[in-house]
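Contents: one structure, followed by commentary.
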Amino acid sequence: METAYAPPKKPLVILHEDRETLVVNKPSGLLSVPGKTEDLADCLLKRVQVAFPDALLVHRLDRDTSGVMVFGMTAHGQRHLSMQFEKRVVKKVYVARVAGRFVERSGEIDLPLIVDWPNRPLQMVCHKTGRAAFTEWKLLKTGCEESRLRLMPKTGRSHQLRVHCLAIGHPILGDRLYAPETADSYPRIMLHAEELRLNHPESGKGMKFRSKAPF
């Protein structure tokens with residue numbers, strides 16, 4: 001299971017700032033939003049709001065996933081960006097190191113997901129009551145023990161990439177929830193949100209933000 005919360009004390013890495021949007025690189029190990037207890041209060045949102053008091057949450061990344069996150073700097077910006085995520089206008093690209101060797105060069109994972117209630121916060125595949133979840137993947141590199149993938153989720157279900165990779169027999173390395181047998185061999189989960197493509201809330205212009213995977 002997940003370890004005790006000990007978020008990194010790294011300074012904010014700002015990728016972009018303007019009147020309507022703020023884009024930062026979230027470090028692994030830091031919650032996107034506060035947890036339910038005081039010991040889980042430290043989070044990216046609070047740290048961002050210290051420097052940018054008007055910043056508003058648009059979306060989240062899992063605690064141990066690093067990478068690109070966008071915030072709205074006005075109520076209008078937040079609504080516009082949130083609607084883009086809801087309507088699946090935003091293009092998301094992740095990089096992951098997973099267990100095992102791939103033969104195929106690309107593929108699609110279409111498996112509905114639902115919370116595994118007795119084992120929360122775990123999610124699971126369920127064809128009867130699960131919500132639609134779709135991920136495209138491309139092979140970047142493969143070896144005997146592991147492979148490197150580019151993952152492009154078309155939906156935004158909780159733990160989608162982690163469960164989808166597990167379901168096809170290639171769990172993400174270092175994942176304490178879904179691949180605990182690999183956790184001690186890696187300093188973190190090998191999953192990084194490398195790129196976001198979206199439209200600017202004010203101008204409508206297409207924008208791309210990128211942060212190279214640190215692994």
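Coordinate-derived values only; no laboratory data. Predicted, not measured: the structure shown is a model, and the values here were computed from it. No Cβ is skipped: glycine too gets one built from the backbone with ideal geometry, and neighbour counts run over all protein chains shown.
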For this session: Express in % the proportion of alpha carbon pairs of segment 76-184 at distances exceeding 23 Å.
Result: 32 percent
Exercise. DSSP loop GluC sites (Glu not before Pro) in segment 94-166 with at most 10 other Cβ atoms within 10 Å of their Cβ, which ones?
Worked result: 104, 145
Seminar exercise, completed: Looks like segment 68-136, by Cα gyration tensor root eigenvalues a ≥ b ≥ c and the a/c under 1.5 rounded cutoff (else prolate when a/b is bigger than b/c, oblate otherwise), is oblate
For this session: Take the alpha-carbon centre of segment 144-170, take the same for segment 73-128, and report the distance between them in whole Å.
Result: 9 Å
Exercise. What is the fewest-to-most order of 61, 40 by other Cβ atoms lying within 10 Å of their Cβ?
Worked result: 40, 61
Exercise. From the square roots a ≥ b ≥ c of the eigenvalues of the alpha-carbon gyration tensor of the chain, which class results: rounded (a/c under 1.5), prolate (a/b over b/c), or oblate?
Worked result: prolate
Exercise. Over segment 106-152, what lengths in whole Å, largest first, do the semi-axes of the equivalent ellipsoid take, defined as the square roots of 5 times the eigenvalues of the alpha-carbon gyration tensor?
Worked result: 26, 14, 7
Exercise. Suppose R0 equals 35 Å; then what is the FRET efficiency for residue 154 and residue 3 from their Cβ-Cβ distance, rounded to the nearest 0.05?
Worked result: 0.70
Exercise. What order do you get for 45-56, 171-182 when each peptide is scored by the mean count of other beta carbon atoms within 10 Å, highest first?
Worked result: 171-182, 45-56
Exercise. How far is helix 75-86 tilted off the main Cα axis of the chain, in degrees rounded to 10, range 0 to 90?
Worked result: 20 degrees
